[in-house]
Amino acid sequence: DVGGYNGALRDFLPNNEVIILDIADDDKLKDYVKSSADKIPYEDDAFDVVISTDTLEHIPEIIREEYVKEIIRVAKEYTFVAAPFNKNNIADVEERIYFFESNKK
């Protein structure tokens with residue numbers, strides 16, 4: 001999980017081994033690797049699947065190409081990259097969803 005600082009992907013994949021790579025400091029999460037996404041410290045094809053959600057928009061434009069190349073390089077089978085961008089009122093929709101989720105009982 002590239003950029004998965006909080007480990008949330010594990011909630012969705014409880015039966016899978018998930019290694020988290022992020023630049024933030026964290027000594028509490030299991031299988032956490034502190035590293036920049038443009039220089040992933042693993043060999044080619046190290047993972048069956050590499051996932052990166054809600055991260056691309058935070059990567060400085062100057063290293064985005066390397067970030068994508070690195071994700072592809074370390075993935076044996078599949079890569080999945082998802083990112084929100086402020087187009088067609090996406091920010092407004094995200095704010096409404098956050099409000100709804102935070103007010104659930």
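The values are calculated or read from the model by the stated rules, or taken from the named source; none is laboratory data. This one's a predicted model, so the numbers in the text were calculated from it and none came from an experiment. Cβ atoms come from the backbone with ideal geometry, glycine included; neighbour counts cover every protein chain shown. In case anyone asks, the SASA skips ligands and DNA or RNA and just uses the protein heavy atoms, side chains included. Shrake-Rupley method; radii C 1.70, N 1.55, O 1.52, S 1.80 Å.
Tabulated values for the structure
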| item | result |
| --- | --- |
| Where GluC sites (Glu not before Pro) fall in DSSP loop in the range 29-85, at most 12 other Cβ within 10 Å | Glu43 |
| Accessible-area order (highest first, 1.4 angstrom probe) of the listed residues Val81, Val2 | Val81, Val2 |
| Gain upon complete extension [Asp25, Ile63; 0.36 nm per residue less C-alpha separation] | 11.6 nm |
| Listed residues Phe47, Phe80, Phe12 arranged by accessible area, highest first, probe 1.4 Å | Phe12, Phe80, Phe47 |
| Solvent exposure, largest accessible area first (probe 1.4 Å, DNA, RNA and ligands not counted), of Tyr42, Tyr78, Tyr32, Tyr5 | Tyr78, Tyr5, Tyr42, Tyr32 |
| Where labels lie 7 Å past Cα in the beta-carbon direction, separation of Ala8 and Val33 in nm | 2.3 nm |
| Per-peptide average of other Cβ atoms within 10 Å, ordering 17-23, 33-39 highest first | 17-23, 33-39 |
| Two-site FRET efficiency, Asp54 against Lys76, from Cβ-Cβ distance with R₀ of 22 Å, rounded to 0.05 | 0.40 |
